[in-house]
Amino acid sequence: MASPTAPSRRHVLIWLIPLLWTCALGLWGLSRQNSLWRDEAATWQVAQRSTAEIGHLLGNVDVVHGCYYLMMHGLFECFGPGTTTLRLPSVLATAVAAACVAVIGERLAGKWAGLAGGLAFGLLPAVQFYLQEGRPYALVAAGAGISTLLLVTALQGRARTGHWVAYGSAVLACALLNWLSLMILPAHLATLLWTRAGRTVRTRWAVASAAATAGALPLVLFSRSQSGQVSWIPPLTWHMLIGPGILLAIGGLGTLLDRPRAGRLSVAAVGLPLLAVPQLGLVGLSLVQPLFLDRYVLFSLLGLALLIGTVVGSAVAAAGARFPRASLWVLPTVVAVAVVALLPQSLAKRSPASRVDDVLAIASDVRRMKAPGSAVLFLPSARRDTASVSPDAFSGLRDIALEQGPKSSGTLKGVEADADRIRTAMLAQRRILLVTDAPQVARPVRGARDRTKASVLEEHFAAVGDQQVRGRRVTVYERRASVRRPEETRAASVQ
């Protein structure tokens, strides 16, 4: 006779296995060979500032990431700065999201669909990328998973007032981490309409959603004053729509296999809106202002994992009907095949080359190439992040363009002097180290300050050393003998 606790144990395993599986995927190669790229460098340097300094920064830039920076500041205070402390929250958050997918899938389509969906989420290439990223997008996915699970609970008639409070809190928490996550609300509305939810559920959802939106509204409005931070995002092109198109096609296939019917709560009714609405919503917003970056709607892949779980679950069920003894091996076989097929991508995403650059790698070259009396320049000024995360490597170097440091100015890259003063300071040097981007990732030089740096180096200095590593470059320049420093010119004129 089966133990009465057997069903509950099976239920726990449905979400526990995907949670542990996703944690294992996240811990695999977590340090990425001790590399840190520019986006993570922003988290790293801000998390080590005081709360007052973080508040000063948010008044100028990055207010959209304010809650995340404060959270990481607390973690750095408790556990110290390091790549594990930086990335482990994303690993755990992704594991929670995978567990939510598993529970939702089990409730709506059975244990195999839930287990398959939960395991599939961590294997998705985009998820593997942000699974090990020191940024807030995985945390948003976890909050989206929790809020979707709470919505399903309500649609199954098991929600109390506390569930709706938790739902609104989860949506608000996501919005405070990235307010574009509010696009989950129209996705959930589509699910309510698809399932023909009762008036009570619709009313309570509307109240919880309105409260969450109202709570996030000040952040939304204030962040608009900092919209220049996303001015680098290119306009939407047809090429950029290939990825979302493929995702929606896969989602459509999963929906057909789920055989959805209007008025019935199903995986398709939950998963397809969750996948499609945020993707299409971001496309629509990008027609007004370029914003199309897949990380902003990473949480929509919860819907894709749910639909994949349905497809695999149906295959397992069909195999079980024909070959009962072999059915237990269907899902492990599918997962093994997927792991092997995705292994090249999985390895690539855990290498430093998976990111544009490595802020830490070039610091050792700066330490080796600097000499007493040398000055340092950053082109563009945002490359000063190397000095912010590796200050010891730059000790003894004079930052001749810097007028006010990043902390005191409440910025990420500091405030530089005007172009004329930079020119004068450069001509007073005999040896300058230039920290910049490697040619393959460098953008055209813009701004009077940066043009001045480039032109003075070209006209009056000669490169005597150069090192490129992982998207960053440090070049040593020495002043040509034929070029006099300003004080030498003044002395000659007096004589």
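Looking only at region 217-227, decide whether some residue is modelled with pLDDT under 85 and farther than 19 Å from Ala93 by Cβ. Yes: region 217-227 contains one or more residues that are modelled with pLDDT under 85 and farther than 19 Å from Ala93 by Cβ. Taking region 385-399 as the range and being part of a loop (DSSP other than H, G, I, E, B) and either open to solvent by less than 30 Å² (accessible area, probe 1.4 Å) or of a type in the set (D, E, K, R) (or both) as the test, the residues that pass are Ser390, Leu397.
Counting only helices (runs of 4 or more DSSP H) wholly contained in region 13-84, the ones carrying 3 or more residues that are without any contact (Cβ under 8 Å) to a residue 24 or more places away in the chain occupy 51-58, 66-79. Residues considered: Leu377, Leu307. Of these, the only one that is in contact with a strand residue (DSSP E or B) (Cβ under 6 Å, 6 or more places away or on another chain) and not in a loop (DSSP other than H, G, I, E, B) is Leu377.
Residues of region 315-329 that are over 13 Å from Leu115 (Cβ atoms) and either of a type in the set (S, T, N, Q) or part of a helix (DSSP H, G or I) (or both): Ala318, Ala319, Gly320, Ala321, Arg322, Trp329. Of the residues making up region 428-457, those that are out of contact with any Pro (no Cβ under 7 Å at 6 or more places or on another chain) and either part of a loop (DSSP other than H, G, I, E, B) or over 18 Å from Ser381 (Cα atoms) (or both) number 13. In summary, Leu189 fulfils each of the numbered conditions (1) within 18 Å of the chain's Cα centre (by Cα); (2) open to solvent by 30 Å² or more (accessible area, probe 1.4 Å) with the single exception of condition (1). Going residue by residue through region 225-232, is there one that turns out to be assigned to a helix (DSSP H, G or I), of a type in the set (Ser, Thr, Tyr), touching a residue at least 24 places away in the same chain (Cβ under 8 Å) and open to solvent by less than 60 Å² (accessible area, probe 1.4 Å)? Scanning region 225-232, I find at least one residue that is assigned to a helix (DSSP H, G or I), of a type in the set (Ser, Thr, Tyr), touching a residue at least 24 places away in the same chain (Cβ under 8 Å) and open to solvent by less than 60 Å² (accessible area, probe 1.4 Å), so the answer is yes.
Looking at Gly29, Gly74, which is the one that is more than 16 Å from the chain's Cα centre (by Cα), within 22 Å of Leu412 (Cα to Cα) and surrounded by fewer than 19 Cβ atoms within 10 Å (Cβ to Cβ)? Steps first, answer last, please.
Details: Gly29 fails: within 22 Å of Leu412 (Cα to Cα).
Step by step, each of Gly29, Gly74 is checked, and only Gly74 is more than 16 Å from the chain's Cα centre (by Cα), within 22 Å of Leu412 (Cα to Cα) and surrounded by fewer than 19 Cβ atoms within 10 Å (Cβ to Cβ).
From the list Pro344, Pro372, Pro290, Pro332, the lone residue that is open to solvent by 20 Å² or more (accessible area, probe 1.4 Å), farther than 30 Å from Arg431 by Cα and assigned to a loop (DSSP other than H, G, I, E, B) is Pro290.
Test Thr161 against the stated conditions and say whether it is more than 25 Å from Thr310 (Cβ to Cβ), open to solvent by 10 Å² or more (accessible area, probe 1.4 Å) and of a type in the set (Ser, Thr, Tyr).
On the way: more than 25 Å from Thr310 (Cβ to Cβ): yes; open to solvent by 10 Å² or more (accessible area, probe 1.4 Å): yes; of a type in the set (Ser, Thr, Tyr): yes.
For Thr161, the condition - more than 25 Å from Thr310 (Cβ to Cβ), open to solvent by 10 Å² or more (accessible area, probe 1.4 Å) and of a type in the set (Ser, Thr, Tyr) - is met.
Of the set (1) in contact with an Asp or Glu (Cβ under 7 Å, 6 or more places away or on another chain); (2) at pLDDT 95 or above; (3) closer than 30 Å to Tyr69 by Cα, all apply to Asp450 but (1).
The values are calculated or read from the model by the stated rules, or taken from the named source; none is laboratory data. On a predicted model such as this, the values are computed, not experimentally measured, just so you know. Every residue, glycine as well, gets a Cβ built from its backbone with ideal geometry; the counts of neighbours run over all protein chains shown. Areas reflect the complete protein model, heavy atoms only, side chains present, ligands, DNA and RNA absent. Shrake-Rupley method; radii C 1.70, N 1.55, O 1.52, S 1.80 Å.
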